[in-house]
Structures are given as structure tokens and as C-alpha cells.
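Okay, here's the structure, questions in a sec.
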Amino acid sequence: QVQLVESGGGLVQPGGSLRLSCAASRSIFSIYTMGWYRQAPGKERELVATITSGSMSNYADSVKGRFTISRASAENTVYLQMNRLKPEDTAVYYCKAFRSGRSIWGQGTQVTVSS
């Protein structure tokens, strides 16, 4: 059963912007911490940003000042606004819902930053 659905990825030029969306069920969204992770080919999956049910957020140093994670409770959706994109941001981006001892992953959405 699909519980997290990412969308919004695509091809963008360096310096451009994209907004990723992750739609979740109400029961997951209201309780779990949500996060965005990314994985480039041949690389380990890495944390990008997280946001708690109380809207406390944190970011990887590589995206601070460029990316913003947010929650929209009416839509049970978490967003990742990505600005001033760089080629090194190219990866599959995954949504994650987690709490101690339990994680739920989305299917991923491709982000490619290239001229």
C-alpha cells in the first residue's frame, strides 16, 4: 500500500527552483516527523531536511539558506522548496515519515539540475 507519494521533480537549470510535494495519510502526517532525503547514483542516501509535527525543522548544511521544508496540514502534505539549485543537488528525492523504530518511505522523485 502506497502511504507517501512524492511529486514535483524534474529538470531545472542551475540557479533555478523546484518545489517537491509529499502527500501522506492523515494518521501518518499528524503524528510522524517528516523528512526529505536524496540519493545520487552510486551514492549513499542522505538527509536533506526534516520537520516535526510541531513544525520544528532542521537542514543539512549543504542546503541551508537555499531549501525550505514546510507542512500543510489541510492537505496532509510536506513540501520542499528548493531555490538556487546546483548540479550537485541532482538526485532522487525521497519523502520519509518516521518515529523511533519505524520508518515509511515514498517512491522518490527525480531532480536533475543541468544546463
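Where the centroid of each part is defined by its Cα atoms, how far is the range 85-105 from the range 1-68 in Å?
Cα centroid to Cα centroid, the span is 5 Å.
Can you give the charge dipole size of the chain about its Cα centre, rounded to the nearest 20 debye, using +1 on the beta carbon of Lys and Arg and -1 on the beta carbon of Asp and Glu? Mind showing how you got there, number by number?
On the way: 13 positive and 7 negative charges, 36 e Å.
Value, rounded to 20: 180 debye.
Within the set of other residues whose C-beta is less than 12 Å from the C-beta of TRP105, count the net charge using Lys and Arg as +1 and Asp and Glu as -1.
Values: positive: ARG45, LYS96, ARG102; negative: GLU6.
Within the 12 Å Cβ shell, the charges total +2.
Reachable aspartates and glutamates from LYS64, Cα under 18 Å, same-chain residues fewer than 8 places away excluded?
Leaving aside aspartates and glutamates fewer than 8 places away in the same chain, those within reach of LYS64 are GLU46, GLU88, ASP89.
I've got another one for you. Tally up the carbon and sulfur contribution to the accessible surface of the chain as a whole percent, 1.4 Å probe, everything protein left in place. Please list the in-between numbers first.
Numbers: 2850 of 6140 Å².
That share works out to 46 percent.
Set the Förster radius R0 to 30 Å, insert the Cβ-Cβ distance between ASN76 and LEU11 as r into 1/(1 + (r/R0)^6), and round the FRET efficiency to 0.05. Write out the running numbers ahead of the final one.
Numbers: r = 28 Å, r/R0 = 0.92.
Efficiency for this residue pair is about 0.60.
Over the chain, what number does the Rg to Rh ratio reach, with both radii from the alpha-carbon atoms and Rh per Kirkwood? Intermediate results must be reported in sequence, preceding the final value.
Numbers: Rg = 13.3 Å, Rh = 14.0 Å.
Result: Rg/Rh = 0.95.
What lysines could a cross-link reach from LYS43, if we take a straight Cα to Cα line under 20 Å and drop same-chain neighbours fewer than 8 places away?
LYS86, LYS96
Grab the other residues whose beta carbon is less than 10 angstrom from that of TYR79, score K and R as +1, D and E as -1, and report the net. Could the numbers behind the result be given before it?
Working: positive: ARG19, ARG71; negative: GLU75.
Result for the local shell: +1.
Ok, one more. If contacts are Cα pairs under 8 angstrom and at least 6 residues apart, what is the relative contact order of the range 1-105 in percent? Write down the numbers at each step before the final one.
Working: 207 pairs, mean separation 35.3, N = 105.
Here the relative contact order equals 34 percent.
The values are calculated or read from the model by the stated rules, or taken from the named source; none is laboratory data. Given the structure is predicted, the values throughout are model-derived calculations rather than measurements. FYI the Cβ positions are ideal-geometry reconstructions off the backbone, even for glycines, and counts take in every protein chain you see. What goes into the accessible areas is simple: the full protein's heavy atoms, side chains included, and nothing from ligands, DNA or RNA. Shrake-Rupley method; radii C 1.70, N 1.55, O 1.52, S 1.80 Å.
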